[in-house]
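The values are calculated or read from the model by the stated rules, or taken from the named source; none is laboratory data. For clarity, every value in this text was computed on a predicted model and none was experimentally measured. Glycine also receives a Cβ, built like all others from the backbone with ideal geometry; neighbour counts cover every protein chain displayed. In case anyone asks, the SASA skips ligands and DNA or RNA and just uses the protein heavy atoms, side chains included. Shrake-Rupley method; radii C 1.70, N 1.55, O 1.52, S 1.80 Å.
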Amino acid sequence: MVRPLSTALAAFTLCMSAAGQSFTVETMLKIARIGEPQLSPNGATIAFTVQTVDVEKNTKPRQIFTVPSNGGSPVQITTDGNNERPRWTFDGKRIIFISTRGGSAQVWSMDPAGGDAKALTNLSTEAGGVVISADAKYIVFTSSVFPECSISGAFDDACNKRLIDAEAKSKSHARVYTSLLYRHWTDWQGKRRQHLLSMPIGGGAVKDLTPGTRDVPPFSVGGSDDYAISPESNEVAYAINTDAEPAISTNSDLYVVPITGGEAKRITSNLGADNTPVYSSDGKYLAYRSQERAGYESDRWRLILLERATGAINVLTENLDRSVNSVTFSTDSKRVFFVQEDRGRHLLQMASVTGGGFRSIVNGDVSVDDVQFSRDGKTLIYTEQSGNKPVEIMRASSGGGPAAALTHMNDDLLRSVALQPLEEFAVEGAEGARVSSFLLKPRNFNARTKYPVLFLIHGGPQGAWGQTWSYRWNPQVFADAGYVVVMPNPRGSTGYGQKFTDEIN
């Protein structure tokens, strides 16, 4: 039977409508990349960043938005330059952020609507990673400085500018190295080092809190800050690697230093890495992540509580065979919330500061991060993503009930494509090891049809595929091109226990 052309076209249209549009690289580049959420002190508003991709200009501009925490439409509050890392002052009347609107990356301040913008710094070495003291009197930030321009913690910007200008005018661009590490990916190690600087928020002398030839914080591939200001606003905790050859060492330790500068004091002496310091709101505890084994960057990250008054430590996750990622305290400082990596997911757990068992707060086929509480402890916000959903900001109530998405900036685009869920299966590998993989099928998959299979092999090798969204090797793009995509997590992968990770060694 031959159907009329109009009927055939109608059937084709219905089929394409059900299938959705193709999810190509070009489609992926249209997705708004949401990050850095910060809940206002009164719990009413969330400031966050959105990065977009301008293919024609080959740029990825990032701007700051706000959205009501009880739901509503996001409002863009910055436009000029790149703007990132919004941080609220304690009274909620200002947002401190990093911006390039003046031609270089500096610390700026604005009101919550984006008006009355003022530059707080104007340094030749630029600024990043800003945090604010609870009393709103000081800012602490990172800057790439010449060590010889900070004598006894007195920061000399004129000295830095003179050396920066001399480098720019030099006709020789040869590099001489007498030690490792001389390059991270595309960034060459020069004569400058990243330091923590502090200054009064209203203006005044800039202090170098970490003078010397070491980078503070140490090089990291991402994650939470490796520095924090105490709730009393008088102290800064930070991680630094002081070993003779940092390139072959993971031995970062935590130090504390007065926020106005001065002598630093080491507070950890573990042979492995200690980082990610987080103060409890009441100032009683300092939480941090720690690895036991020296020189082994893929060791299990344990969660440790340091009681500041006594120096006593409590390893909260000693019996948890999973690594801890980001950490935060409840508003009353009685509980610690942490993200744990488990079988391709990043899930939120809770523990009492006195120890004991764990309670799962957010679980399922998702990965969460950026966990924060309102000051009254009634509202929890966090980011959530999965293999078929990019990052969104979520809100949950301490009284229970389902979480609600606060950002919907990609909803229209995602409705037009047919992103498939990740499926999971396991097989018995060599020596009886149970190896899990994630599977992604093309849209309109037909079990009676043969498809080409594409194996994605993750790097590391201590890493893992899982329920996360990727802007680099997004499996949805491969699947939409007609491949059955298999993403194996063989031995060496993280999230399946430390023994499983160590078996690649």
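Would you be able to tell me the number of residues in segment 171-183 that are loosely packed, with under 11 Cβ neighbours inside 10 Å and either within 24 Å of residue 124 (Cβ to Cβ) or not hydroxyl-bearing (Ser, Thr, Tyr) (or both)? So that I can check it myself, show each step before the final result.
Step one: of segment 171-183, the residues loosely packed, with under 11 Cβ neighbours inside 10 Å are 171-174, 176-179.
Subset that is either within 24 Å of residue 124 (Cβ to Cβ) or not hydroxyl-bearing (Ser, Thr, Tyr) (or both): 171-174, 176.
So the answer is 5.
Checking each residue in segment 361-376 for being open to solvent by 30 Å² or more (accessible area, probe 1.4 Å) and over 18 Å from the mean Cα position of the chain (by Cα) picks out 361, 363, 364, 365, 375, 376.
Evaluate the following for residue 499: is it among the basic types (Lys, Arg), over 25 Å from residue 35 (Cα atoms), open to solvent by 20 Å² or more (accessible area, probe 1.4 Å) and within 29 Å of the chain's Cα centre (by Cα)? When the stated conditions are applied, residue 499 passes them.
Residues in segment 211-254 that are within 18 Å of the chain's Cα centre (by Cα) and in a loop (DSSP other than H, G, I, E, B): 216, 217, 218, 219, 220, 221, 222, 223, 224, 225, 226. Going by the conditions given, is residue 347 outside any strand (DSSP E or B) and either open to solvent by less than 20 Å² (accessible area, probe 1.4 Å) or not small (Gly, Ala, Ser) (or both)? It is false that residue 347 is outside any strand (DSSP E or B) and either open to solvent by less than 20 Å² (accessible area, probe 1.4 Å) or not small (Gly, Ala, Ser) (or both). Residues considered: 279, 285. Of these, the only one that is at pLDDT 95 or above, more than 16 Å from residue 354 (Cβ to Cβ) and not acidic (Asp, Glu) is 279.
Condition first: aromatic (Phe, Trp, Tyr) and open to solvent by less than 20 Å² (accessible area, probe 1.4 Å). Now tell me which residues in segment 111-170 satisfy that.
First, the residues of segment 111-170 that are aromatic (Phe, Trp, Tyr): 138, 141, 146, 155.
141, 146 - these are the residues of segment 111-170 that are aromatic (Phe, Trp, Tyr) and open to solvent by less than 20 Å² (accessible area, probe 1.4 Å).
If we scan segment 366-378, do we find a residue that is within 27 Å of residue 32 (Cα to Cα), in contact with a Ser or Thr (Cβ under 6 Å, 6 or more places away or on another chain) and in a loop (DSSP other than H, G, I, E, B)? Looking through segment 366-378, at least one residue is within 27 Å of residue 32 (Cα to Cα), in contact with a Ser or Thr (Cβ under 6 Å, 6 or more places away or on another chain) and in a loop (DSSP other than H, G, I, E, B). Residues that are open to solvent by less than 40 Å² (accessible area, probe 1.4 Å), without any contact (Cβ under 8 Å) to a residue 40 or more places away in the chain, hydrophobic (A, V, I, L, M, F, W, C) and assigned to a strand (DSSP E or B) within segment 39-89 comprise just one, 65.
Suppose we filter segment 384-396 for residues that are within 14 Å of residue 67 (Cα to Cα) and within 17 Å of the chain's Cα centre (by Cα); how many remain? Summing the residues that are within 14 Å of residue 67 (Cα to Cα) and within 17 Å of the chain's Cα centre (by Cα) in segment 384-396 gives 3.
Tell me, yes or no, whether segment 377-390 has at least one residue that is open to solvent by 70 Å² or more (accessible area, probe 1.4 Å) and within 30 Å of residue 41 (Cβ to Cβ).
Going residue by residue through segment 377-390, those that are open to solvent by 70 Å² or more (accessible area, probe 1.4 Å) are 378.
Of the ones still in play, those that are also within 30 Å of residue 41 (Cβ to Cβ) are 378.
The answer is yes; a qualifying residue exists.
Can you find even one residue in segment 89-109 that is modelled with pLDDT under 95 and among the polar types (S, T, N, Q)? For segment 89-109, residues modelled with pLDDT under 95 and among the polar types (S, T, N, Q): absent. Considering the conditions (1) within 28 Å of residue 318 (Cβ to Cβ); (2) touching a residue at least 40 places away in the same chain (Cβ under 8 Å), residue 484 is excluded by exactly one of them, (1). Just name the residue that is surrounded by the most Cβ atoms within 10 Å (Cβ to Cβ) out of those in segment 429-479 that are assigned to a helix (DSSP H, G or I) and modelled with pLDDT of 95 or more. If we take residues in segment 429-479 being assigned to a helix (DSSP H, G or I) and modelled with pLDDT of 95 or more, then 479 is surrounded by the most Cβ atoms within 10 Å (Cβ to Cβ). Of the residues 277, 246, 218, the single one that is touching a strand residue (DSSP E or B) at 6+ places or on another chain (Cβ under 9 Å) and open to solvent by less than 10 Å² (accessible area, probe 1.4 Å) is 277.
Within the span defined as segment 43-61, every residue fails to be touching a Phe, Trp or Tyr at 6+ places or on another chain (Cβ under 8 Å) and among the charged types (D, E, K, R).
Counting only strands (runs of 3 or more DSSP E) that fall entirely inside segment 277-333 and contain at least 3 residues that are within 23 Å of the chain's Cα centre (by Cα), the qualifying elements are 285-290, 302-307, 324-329.
Identify the residue in segment 26-38 that is of a type outside the set (A, V, I, L, M) and in contact (Cβ under 8 Å) with a residue 40 or more places away in the chain and, among all such residues, is surrounded by the fewest Cβ atoms within 10 Å (Cβ to Cβ). Lay out the reasoning, then the answer.
Residues of segment 26-38 that are of a type outside the set (A, V, I, L, M), as a first pass: 26-27, 30, 33, 35-38.
After this cut, where a residue has to be in contact (Cβ under 8 Å) with a residue 40 or more places away in the chain as well, the list is 27, 30, 33, 35-38.
Details: 27: 17, 30: 12, 33: 17, 35: 16, 36: 18, 37: 25, 38: 20.
The qualifying residue surrounded by the fewest Cβ atoms within 10 Å (Cβ to Cβ) is 30.
Among the residues of segment 229-243, those identified as open to solvent by less than 20 Å² (accessible area, probe 1.4 Å) and either out of contact with any strand residue (DSSP E or B) (no Cβ under 9 Å at 6 or more places or on another chain) or more than 24 Å from residue 185 (Cα to Cα) (or both) are 230, 233, 236, 237, 238. Within the set of pairs 6+ apart or on separate chains, which have a first residue in segment 172-195 that is farther than 18 Å from residue 149 by Cα, a second that is of a type in the set (A, V, I, L, M), and C-beta atoms under 6 Å apart? Pairs that qualify, where the first residue is farther than 18 Å from residue 149 by Cα and the partner is of a type in the set (A, V, I, L, M), are 180/247; 181/247.
Say whether the condition of being surrounded by fewer than 19 Cβ atoms within 10 Å (Cβ to Cβ), in contact with a strand residue (DSSP E or B) (Cβ under 8 Å, 6 or more places away or on another chain), more than 24 Å from residue 397 (Cα to Cα) and not aliphatic (A, V, I, L, M) is met by at least one residue in segment 90-99. No, there is no match, as no residue in segment 90-99 is surrounded by fewer than 19 Cβ atoms within 10 Å (Cβ to Cβ), in contact with a strand residue (DSSP E or B) (Cβ under 8 Å, 6 or more places away or on another chain), more than 24 Å from residue 397 (Cα to Cα) and not aliphatic (A, V, I, L, M).
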